[in-house]
1. Those residues that are within 12 Å of Ala370 (Cβ to Cβ), in contact with a helix residue (DSSP H, G or I) (Cβ under 9 Å, 6 or more places away or on another chain) and surrounded by fewer than 24 Cβ atoms within 10 Å (Cβ to Cβ), I need them from the range 289-308; list them, please.
2. For residues that are in contact (Cβ under 8 Å) with a residue 60 or more places away in the chain and of a type in the set (A, V, I, L, M, F, W, C), scanning just the range 91-141, find the one that is farthest from Arg164 (Cα to Cα).
3. Hey, can you tell me all the residues within the range 563-609 that are away from the ligand (no atom under 13 Å from the Cβ), of a type in the set (Asp, Glu) and either closer than 16 Å to Glu256 by Cα or at pLDDT below 95 (or both)?
4. Does Asp551 count as closer than 24 Å to Ala443 by Cβ, under 31 Å from the mean Cα position of the chain (by Cα) and surrounded by fewer than 22 Cβ atoms within 10 Å (Cβ to Cβ)?
5. Being free of Cβ contacts under 8 Å to residues at least 60 places away in the same chain, of a type outside the set (A, V, I, L, M, F, W, C), surrounded by 24 or more Cβ atoms within 10 Å (Cβ to Cβ) and near the ligand (Cβ under 10 Å from one of its atoms): is that true of Thr356 here?
6. Within the range 215-226, which residues are over 25 Å from Gln10 (Cβ atoms) and either free of Cβ contacts under 8 Å to residues at least 12 places away in the same chain or exposed (fewer than 13 other Cβ atoms within 10 Å of the Cβ) (or both)?
7. Tell me the strands (runs of 3 or more DSSP E) entirely within the range 172-211 that contain at least 3 residues that are in contact (Cβ under 8 Å) with a residue 24 or more places away in the chain and buried (at least 18 other Cβ atoms within 10 Å of the Cβ).
Amino acid sequence: MCGIVGAVAQRDVAEILVEGLRRLEYRGYDSAGVAVINNNELSRTRRLGKVQELAKALESNPLNGGTGIAHTRWATHGEPSERNAHPHQSQGDIAVVHNGIIENHQKLRETLQGLGYEFVSDTDTEVICHLVHHELKTSDSLLTAVQATVKQLEGAYGTVVIDRRDSERMIVARSGSPLVIGYGLGENFVASDQLALLPVTRSFAFLEEGDVAEITRREVKIFDVEGTQVEREVKESEVTHDAGDKGEYRHYMLKEIYEQPMALARTIEGRIANQQVLDSAFGVNAEQFLKDIKHVQIIACGTSYHAAMTARYWLEDWAGVSCNVEIASEFRYRKSHLFPNSLLVTISQSGETADTLAALRLAKEMGYKATMTICNAPGSSLVRESDMSYLMKAGAEIGVASTKAFTVQLAGLLMLTAVIGRHNGMSEQMQADICTSLASMPAKVEQALSLDDEIAALAEDFADKHHSLFLGRGDQYPIAMEGALKLKEISYIHAEAYASGELKHGPLALIDADMPVIVVAPNNELLEKLKSNVEEVRARGGLMYVFADKDAEFASDDTMKVIPVPHCDDFMAPLIYTIPLQLLSYHVALIKGTDVDQPRNLAKSVTVE
Ligand code: G6P
């Protein structure tokens, strides 16, 4: 979703800004722009499409200047176009970039039009620049004008404002959309994600909700929602991954699929001792919070929601607690029942998903006993606002379609199952078995990755298909859902997932030779049931692709291709069966020639509702 980069320096900043935007490309966007101040003049270049288009335009017409802002836009108000791309301007004086949605923009627009301001875009953002311009008429500084402006905004914003008449300053404000300040030597920066600034600094301070900051080359002053000057802790970035580097891989997605053994090893490291998962994996005070938990409510979106659905089977089957799972955008707008001793768990790779964050805030108001997030972004809003956090340590995930974050979430949730289980009488043997399973996951994923060539060949069959059906049972049902999501996200083939017991209640009507059916079939207690469902499809002339344990005794024939998956225990089976489905979607997308890492219309981090 939208990305922001800003800089105040002695050197020309346009290149730094564009490199920052490149590093945010993975979030998904439709247009990009940059504005800089040079000799008290504001110049701006914007382009529809990729950051590369903007970079090309800047090559032919470079922008000089030491103060500048840049943005990648993901359209909310107004179509993707150069006219709607940020930065927006007021009277050639003020330039603004903005992430989020200004909900009262229509009313503000009318007021500002009444004051004589002419609007040239369809965006909600344009009200911010005119408001700042208007407020400056009665304010003594850009800072106070922005403070007065944000008081009038309803909705979510992360915004950066510059004024050509006051050229060595940026004012930034955060409410609902993250902003991080990067501290350099004699130069300072701001961005919506620290990844954007890693080439220029590793020292960062995250702004809190309601903060407004004034950034010059030499100084950063931060004011809280009351206008009181405050300190925000400056930390050295823990992000080690160089987001700009695809290494030997053709796409980030493939790289991230192959990083899974390493990411799993990292997430497990130091969190298991004496065949038990340590409570401290979930934070310093976790034991105190977790020991009386009897019910778990999990909230997430997208791929993270599928991890949550898998964990529901585990928590109820093995940990002896009840568990509900809900999509964040549903949970936040309905009245739900609070069970005694309930733990609220959010799952999110980005830690900034607007719906998930709103659901967490609602849960806190409702009085959940404790809140926890399973999250891949250490300084994110979800981590900061939750009582406990499990930091995934998967490394930055750049491909919009989530891969390694998903399997690492599963590993974290299995650990949570073991810990909550221990407090609810899980046997020592089962805890030890879970630990053994966790420790052998990296090697087992390596084995599953060796299916790559076989799956690449199989992918050819899908290239001319328009629809597909994924089937699974038990904790493989959410894996089927995740497989379907991956395929539709990056290959644009319509894919649906069903719990295979539901086949007879509708989807059987769709079965024919043009509708490939993908089945995940580990050798577990539901295998015989699943085999009956396979026969139901076969009897209707369906073409199946069965990912099965070699002991599951499926045989390839005219109607069925069997892909043998390494034998694995029940604890890791959902994670292992995910791997071939990720590879399948990747190879189908390659054949179809889609933009694998940045699929159309999608964003990596969804910071608006
Ligand atoms: C977007 C991303 C998905 C992700 C979902 C939830 O849709 O494209 O990959 O699963 O958001 O994001 P979160 O950061 O909360 O896990």
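1. Those that are within 12 Å of Ala370 (Cβ to Cβ), in contact with a helix residue (DSSP H, G or I) (Cβ under 9 Å, 6 or more places away or on another chain) and surrounded by fewer than 24 Cβ atoms within 10 Å (Cβ to Cβ): Phe289, Leu290, Lys291, Asp292, Ile293.
2. Result: Ile101.
3. Scanning the range 563-609 gives a single hit, Asp595.
4. no
5. Working: free of Cβ contacts under 8 Å to residues at least 60 places away in the same chain: yes; of a type outside the set (A, V, I, L, M, F, W, C): yes; surrounded by 24 or more Cβ atoms within 10 Å (Cβ to Cβ): yes; near the ligand (Cβ under 10 Å from one of its atoms): yes.
Here the answer is yes, as Thr356 does meet what is asked.
6. Keep residues of the range 215-226 that are over 25 Å from Gln10 (Cβ atoms), which gives 223-226.
Answer for the range 215-226, where residues must be over 25 Å from Gln10 (Cβ atoms) and either free of Cβ contacts under 8 Å to residues at least 12 places away in the same chain or exposed (fewer than 13 other Cβ atoms within 10 Å of the Cβ) (or both): just Glu226.
7. Those strands (runs of 3 or more DSSP E) span 188-191, 203-206.
Residue-wise test of (1) within 16 Å of the ligand (Cβ to nearest atom); (2) assigned to a helix (DSSP H, G or I); (3) under 30 Å from His295 (Cα atoms).
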residue: Thr417; (1), (2), (3): no, yes, yes
residue: Gly425; (1), (2), (3): no, no, yes
residue: Gln429; (1), (2), (3): no, yes, yes
residue: Ala443; (1), (2), (3): no, yes, no
residue: Asp464; (1), (2), (3): no, no, no
residue: Tyr477; (1), (2), (3): no, yes, yes
residue: Leu508; (1), (2), (3): no, yes, no
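The values are calculated or read from the model by the stated rules, or taken from the named source; none is laboratory data. Treat the numbers as computed from the prediction; the structure is a model and nothing was measured. Every residue, glycine among them, receives a Cβ derived from its backbone with ideal geometry; neighbour counts consider all protein chains shown.
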